[in-house]
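Undergrad: Here it is: the structure, laid out below.
Bear in mind these aren't lab numbers, they're just calculated from the coordinates by the rules spelled out. Quick caveat: nothing in here was measured; it's all calculated off a predicted structure. Please note: Cβ atoms are built from the backbone with ideal geometry, for glycine as well, and neighbour counts cover all protein chains shown.
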Amino acid sequence: MAEELIQVDLKGKEGAIRVRSKVSLWLKRGIPLLILAILALLPVFQIVEGTLNYWIHMLMYVFLYVIMSSSWNIIGGFAGYVSLGHNVFFALGAYFAGMLFLATRISPFISAPVAGLLAMGFGLLFGLIALRTRGSTFIISTIALVLLMAELFDNWKLTGGTNGLALPLIDLPGQFAKIPYYYYLLVVMVLCVVASYFIKHSKFGLALRAISQDETKAEVAGIPTRKYKILAFGLSGLFIGVAGAVWGSYLTYLRPSIFLTVSLGTSIVLNTILGGKGTIAGPVVGTAIMIAVNEFVVAKLGATELNIVVTGLILIFVLLFFPEGIVGSLKARNKLPSFLDWD
Amino acid sequence: MIQVIQILILGIALGGVYALMSSGMTLIFGVMRIVNLAHSAFIVLAAYLAFFVFKTFNIDPIVSMAFTMPVMFLVGVIYYRLLFASRADNPRFADITVLVTFATALVIEGILAFIFTGIYRSTTPTYAKTSINFGPFFIPQSQLYALIISIVLIVGLWMFMRYTRIGNAIRATMQNRNAAQVVGVNVTWISTLSFGIGLAMAGAAGSLLSFVFTFYPAKHIAWIGMIMCLVVLGGMGSLVGALVSSFLLATAAAYVNFYFGAAWSPITFYLSLFLILLFRPQGLFGKKVEG
Amino acid sequence: MGTLVVENVVAGYGSGPNILKGLSLTVESGKAYCIIGPNGAGKSTLIKVIAGLLKPREGKIFFKGEDITPLRADQVLQRGLCYVPSDRSLFPDMTVKENLRMGGFVMRDTRKVDERIDELFAQFPILKEKSSQMAKTLSGGQQQLAAIARAMVLKPEMIMLDEPSLGLSPKVVQQIFGTITTLRDQGLTILLVEQNARKGLQIADMGVVLDLGTNSFEAPACDVLNDPRIQELYLGKRHQAVAAEECK
């Protein structure tokens with residue numbers, strides 16, 4: 001009798017869940033797609049009205065940082081290896097495409113994927129050395145990489161030293177100048193987030209997550225941890241390299257003081273951790289919030305010095321009290337709105 | 001030949017200060033497994049303290065160490081208690097602390113830039129401008145003083161660790177935190193104290209650097225790069241290692257500076273870091289197991 | 001009234017589940033107790049709670065009539081209750097003598113500590129021989145001996161040993177248990193946690209079986225050793241092959 005009751009109860013619940021899951025599936029897929037559609041249509045308004053330059057620029061910032069954070073997530077979030085030096089890929093992509101353009105006039109739009117592959121190759125090579133270590137030593141080696149690269153690029157004649165390289169403006173009227181970059185970055189961003197989803201749910205991604213839980217056990221379980229870590233590190237450079245090529249051409253000047261600062265490498269990490277490392281939506285959410293906060297701080301307080309104070313304080317607060325980030329913490333409490341649950 | 005020896009003298013003089021800079025960081029890592037990426041930011045903070053006291057009250061930066069060291073000790077104690085003490089058992093402690101300390105460095109940098117702006121500063125006691133000559137060689141007076149004081153402080157730290165009850169407890173905690181607890185060492189208290197001592201060393205280093213180098217708020221980035229290389233090369237948590245690598249790299253960098261140009265001397269540090277990672281990831285004096 | 005009384009202790013790590021679930025235990029003065037039980041039964045957790053290294057969520061612990069539940073680890077040591085962890089937990093880069101000195105860390109009087117160390121060196125000549133060697137150079141058995149001696153520096157009334165036989169060869173295990181027997185004969189109260197249940201029970205007065213965080217069975221060691229259920233579960237014996245185990 002009691003068993004029957006429980007079964008009936010279960011059936012009722014299941015039914016309710018099924019109905020609710022249909023609605024939530026709609027919301028889950030619908031809201032992100034709607035946002036994406038708006039983003040895709042925004043430049044049309046820019047072409048017609050011409051008043052959205054600021055928004056286009058800000059959104060491009062978001063796209064760029066989402067690409068970087070989402071990529072970082074592959075090694076930092078899934079595998080648990082925190083790298084503070086991922087902007088090196090960004091710099092490599094930018095300098096490669098920029099120098100190639102100056103030498104051969106090949107558009108960065110065309111060379112960007114090659115820049116991505118180059119960055120990935122570099123990632124594999126660096127990973128071969130740095131991933132011999134774990135934990136703190138690994139993190140240190142990634143900071144040292146940024147500092148080393150900054151020194152090299154500062155002193156290298158070929159890259160223009162501290163003055164950097166100047167690239168020509170794109171040959172379009174000011175009103176439209178941003179639009180090709182905008183779409184390029186938008187597409188790369190979508191590809192990058194989708195790729196991160198597929199990586200996370202592949203066998204490879206599962207192995208990476210096992211490594212982040214307990215590397216020794218993962219190894220005992222037969223996962224070729226070293227190979228996978230290096231591959232993950234390389235992969236995480238791919239899209240950042242592409243974005244670097246595009247962004248360099250957009251900025252029209254390449255300088256170590258823009259691309260190779262430790263704080264840029266840190267903000268990639270901050271955005272991901274704020275959003276929720278290891279989650280798919282986390283880097284997107286974290287980036288959007290951080291860019292909004294930075295804009296607000298600079299606009300209201302006007303001082304860039306205070307900007308890094310705020311960045312630092314947010315990072316400390318999140319790390320100590322919400323190490324799982326926004327998406328991770330909400331999910332753990334079962335309060336994550338379904339449209340942000342992309343896993 | 002004279003040139004070669006002269007460079008060696010200057011290299012060794014700098015090595016002393018580097019050793020002081022890295023000793024605090026390595027102590028903090030050894031006891032708490034915290035990679036204190038804010039260490040150089042605290043050094044810069046102390047340099048500004050010395051600068052402020054020098055400008056306002058005209059107190060010599062060496063004299064004002066009697067002030068900067070205790071202040072930095074307190075800062076360390078409060079900082080550790082506030083942020084880290086309750087989290088020492090967290091399995092993700094190492095990752096979290098690296099990022100938290102780096103964020104702290106950014107906060108310090110921002111606040112210093114806000115108060116003192118980005119202008120290059122230094123304290124200028126009379127000895128900052130003169131050199132001592134002996135035969136064909138010379139050593140800047142400031143660097144000689146910095147070297148002597150650094151050595152005194154490092155030897156003092158070593159004796160403290162070796163011959164006092166509390167020093168023994170610190171060493172015990174570095175070697176085996178669990179065992180230290182078992183024999184009745186209050187590791188939370190020892191950790192707090194060690195963080196304080198580590199930052200007191202940073203305070204001393206800051207005071208000395210204030211008249212050896214120029215500094216500005218973002219200077220901590222270059223310095224942390226250097227200190228990290230020293231600490232990793234020596235073996236994380238090994239005081240002897242930090243000492244040896246400091247003198248080794250300072251001298252090497254001095255030669256590189258002379259023969260290849262100033263731009264290449266920081267690169268010496270980073271390259272040596274990657275070389276050691278390639279061939280001996282645990283560092284010169286480190287142990288194989290690493291967290 | 002026993003010398004150590006554990007009352008309804010509930011304990012676990014961090015925010016994890018309860019490992020001890022209302023465990024009670026009374027230890028009589030001067031006797032040797034052996035705690036056996038499957039992995040995860042909470043044997044080591046119990047010892048950590050008693051030693052003051054892990055605060056219980058509920059329940060109380062009394063030692064010689066005093067409530068020691070709120071005390072820190074160093075305060076528990078000062079009451080004469082010492083602990084030897086299962087991984088020996090020596091200080092690898094300190095000499096054997098320095099390790100023993102650390103054993104007397106909670107004693108302020110260093111001269112007394114040195115006197116105690118001399119007494120212990122007389123008792124364990126092998127440690128005296130190795131006194132200026134780094135602890136990491138000792139063999140497993142020597143390390144275990146050093147860990148026991150380190151706990152003995154405080155002249156405790158009661159000593160808790162967590163898996164002293166772990167990772168040691170049978171011959172060395174024999175020696176270590178010989179040492180423990182000597183300590184027992186000197187009148188020390190002993191609480192021993194042992195995977196090697198047979199060996200442990202053979203030298204104990206009382207056997208305690210822990211299961212799933214509660215005390216499921218407590219009896220004279222001899223009875224535990226010869227209990228058919230225990231034999232099947234923990235001693236790897238089948239019913240029919242019951243031969244009386246020799247015991248104390």
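Undergrad: Taking the mean number of other Cβ atoms within 10 Å as a proxy for protection, how do you rank B:86-92, A:182-188, A:334-340 from highest to lowest?
TA: Output ranking for B:86-92, A:182-188, A:334-340: A:182-188, A:334-340, B:86-92.
Undergrad: Taking a quarter of the surface of the convex hull around the Cα atoms of segment A:47-200, what do you get in nm²? Can you show the working numbers first?
TA: Values: hull surface 41.8 nm².
For segment A:47-200, averaging the hull's shadow over all directions gives 10.4 nm².
Undergrad: I would also like to ask the following. Quick one: dipole size for the protein assembly as shown, taken about the Cα centre, charges +1 on Lys/Arg Cβ and -1 on Asp/Glu Cβ, in debye to the nearest 20.
TA: Rounded to the nearest 20 debye, it is 620 debye.
Undergrad: Kindly provide the helix-only [θ] at 222 nm of chain A, computed as the sum of -39,500 (n - 2.57) over DSSP H runs of four or more divided by all residues, to the nearest 500 deg cm²/dmol?
TA: Theoretical 222 nm ellipticity from helices: -26000 deg cm²/dmol.
Undergrad: Above 20 Å lies some portion of the pair distances; for segment C:33-99, what is it as a whole percent of all C-alpha pairs? Walk me through the numbers before you get to the answer.
TA: Details: 870 of 2211 pairs.
Within segment C:33-99, distances greater than 20 Å cover 39 percent of Cα pairs.
Undergrad: I would also like to ask the following. Tell me the mean residue ellipticity at 222 nm calculated for chain C from its helices only (DSSP H runs of n ≥ 4, each -39500 (n - 2.57), averaged over every residue, nearest 500). Kindly include the intermediate steps, with their values, before the conclusion.
TA: Working: 10 runs with 91 residues, N = 248.
Counting only the DSSP helices, I get -10500 deg cm²/dmol.
Undergrad: Return B:PHE42, B:PHE54 ranked ascending by Cβ neighbour count within 10 Å, so the fewest neighbours appear first.
TA: In order of increasing Cβ crowding within 10 Å: B:PHE54, B:PHE42.
Undergrad: Now for a separate question. With N residues in chain A, what two-decimal value do you get for its Cα radius of gyration over 2.2 N^0.38 Å?
TA: 1.07
Undergrad: What is the spin-label model distance, in nm, from B:LEU8 to A:LEU102 if the labels are put 7 Å beyond Cα along the C-beta direction?
TA: In this crude spin-label approximation the distance works out to 4.3 nm.
Undergrad: Normalising by the residue count of chain C, find the relative contact order in percent from Cα pairs under 8 Å and 6+ residues apart.
TA: RCO, chain C: 25 percent.
Undergrad: Order of B:VAL155, A:VAL285 from fewest to most other C-beta atoms within 10 Å?
TA: B:VAL155, A:VAL285
Undergrad: Same structure, new question: Counting pairs of alpha carbon atoms under 8 Å apart in space and at least six apart in sequence, what relative contact order in percent does segment A:52-340 give?
TA: Relative contact order of segment A:52-340: 34 percent.
Undergrad: Moving to a separate point now. One quarter of the convex hull surface, Cα atoms only: what value does that give for chain B in nm²? Intermediate values should be presented prior to the final figure.
TA: Values: hull surface 62.1 nm².
Here the figure is 15.5 nm², rounded to one decimal.
Undergrad: Hey, got the average number of other protein chain Cβ atoms within 10 angstrom for residues in B:92-101? Mind showing how you got there, number by number?
TA: Numbers: counts 4, 1, 6, 12, 6, 3, 9, 13, 7, 1.
Partner-chain Cβ atoms within 10 Å, mean over residues of B:92-101: 6.
Undergrad: Per the Kirkwood formula on distinct C-alpha pairs, the Rh of segment C:4-241 is how many angstrom?
TA: Over segment C:4-241, the inverse of the mean reciprocal pair distance is 18.2 Å.
Undergrad: Report, as an integer, the average count of C-beta atoms from other chains found within 10 Å of each Cβ along B:267-277.
TA: Values: counts 5, 0, 4, 11, 3, 1, 9, 7, 1, 2, 10.
Taking all residues of B:267-277 together, the mean is 5.
Undergrad: Based on the alpha carbons, how large is the Rg to Rh ratio for segment C:139-225 when Rh follows Kirkwood? Kindly include the intermediate steps, with their values, before the conclusion.
TA: Numbers: Rg = 13.1 Å, Rh = 13.6 Å.
Taking Rg over the Kirkwood Rh, I get 0.96.
Undergrad: Counting other C-beta atoms within 10 Å, which of A:SER107, B:SER207 has the fewest, and how do the rest follow?
TA: Exposure proxy ranking, most exposed first: A:SER107, B:SER207.
Undergrad: Let me have the relative contact order for segment C:85-146, percent, based on Cα pairs under 8 Å that are six or more residues apart.
TA: It rounds to 50 percent for segment C:85-146.
Undergrad: Packing-wise, with mean Cβ within 10 Å as the measure, how do A:130-139, A:309-318 rank, highest first?
TA: Result, highest mean first: A:130-139, A:309-318.
Undergrad: Could you run the Debye sum over the Cα atoms of the protein assembly as shown, one equal point scatterer each and no solvent, and tell me log10 of I(q)/I(0) at q = 0.05, 0.10 Å⁻¹, two decimals?
TA: These q points yield log10 I(q)/I(0) values of -0.36, -1.18.
Undergrad: Return the average number of partner chain Cβ atoms within 10 angstrom of each residue Cβ along peptide A:310-318.
TA: Taking the mean over all residues of the peptide, I get 5.
Undergrad: What is the antiparallel percent of DSSP beta bridges lying wholly in the protein assembly as shown, to the nearest 5?
TA: Beta bridges within the protein assembly as shown, antiparallel portion: roughly 60 percent.
Undergrad: Output the peptides B:95-102, A:110-117 sorted from most to least packed, where packing is the average of other Cβ atoms within 10 Å over each peptide's residues.
TA: Listed from highest to lowest mean packing, they are B:95-102, A:110-117.
Undergrad: Hey, what does the equivalent ellipsoid look like for segment A:223-343, semi-axes from the Cα gyration tensor as sqrt of 5 times each eigenvalue, largest first, whole Å? Can you show the working numbers first?
TA: Working: eigenvalues 125, 108, 38 Å².
With the √(5λ) rule applied to segment A:223-343, the semi-axes are 25, 23, 14 Å.
Undergrad: Could you please state, rounded to a whole Å, how far the C-alpha centre of segment C:162-182 is from the C-alpha centre of segment A:46-71?
TA: Here the answer is 70 Å between Cα centres.
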